[in-house]
Amino acid sequence: MVSGPVVPENVLKRRKRLEQIQAERQERLAEQRGKKKTVKAGVTFKKASAFVAEYRAVDKTVRRMKREYKKPTPVVDPESKLLLVVRMRGSDGADSKTRRILQMLRLRKINYAVFVEATPATLQMLRLVSHYVAHGTPTLKTVRDLVLKR
């Protein structure tokens with residue numbers, strides 16, 4: 001007869017299976033420790049071409065702004081004292097001066113519209129952000145519709 005305690009067969013099978021799983025897990029961990037960790041270059045470092053493209057875009061906007069500043073200030077039409085300005089584009093890639101002008105005009109999001117007094121200063125600002133907004137003289141029907149909707 002058996003001298004020690006009797007262990008059921010299913011318990012013995014479970015122990016054997018768990019020992020195999022632990023052995024496999026230990027092998028995988030040993031392999032992972034042996035491998036060198038690779039760093040993705042695209043995530044950590046920017047490529048030189050990305051820097052060149054970024055600086056070219058900034059330089060291009062600076063030159064455009066200087067060109068716009070040199071243009072003569074438009075004459076304000078005495079009949080149209082009110083302008084409707086609608087933001088059409090997001091400010092991704094825009095320089096800080098353009099973003100500030102959009103904030104001063106209270107155009108913080110796309111499809112925002114504001115009524116602005118047509119002064120030489122506001123016309124100059126609108127010219128500088130002309131790539132991001134659309135503006136014009138509103139009709140009476142447009143003003144009525146906007147006021148009633150809001």
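The values are calculated or read from the model by the stated rules, or taken from the named source; none is laboratory data. Fair warning: this is a prediction, and the values are worked out from it, not measured in the lab. All Cβ positions, even for glycine, are placed from backbone atoms using ideal geometry, and neighbour counts span all protein chains on display.
The table that follows gives values for the structure above.
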{"item": "Residues that are over 15 Å from Leu83 (Cβ atoms) and out of contact with any strand residue (DSSP E or B) (no Cβ under 9 Å at 6 or more places or on another chain), drawn from region 101-127", "result": "Gln103"}
{"item": "So Thr122, is it out of contact with any helix residue (DSSP H, G or I) (no Cβ under 7 Å at 6 or more places or on another chain), part of a helix (DSSP H, G or I), within 29 Å of Arg67 (Cβ to Cβ) and in contact (Cβ under 8 Å) with a residue 24 or more places away in the chain", "result": "yes"}
{"item": "All positions within region 99-129 that are hydroxyl-bearing (Ser, Thr, Tyr) and at pLDDT 90 or above", "result": "Tyr112, Thr122"}
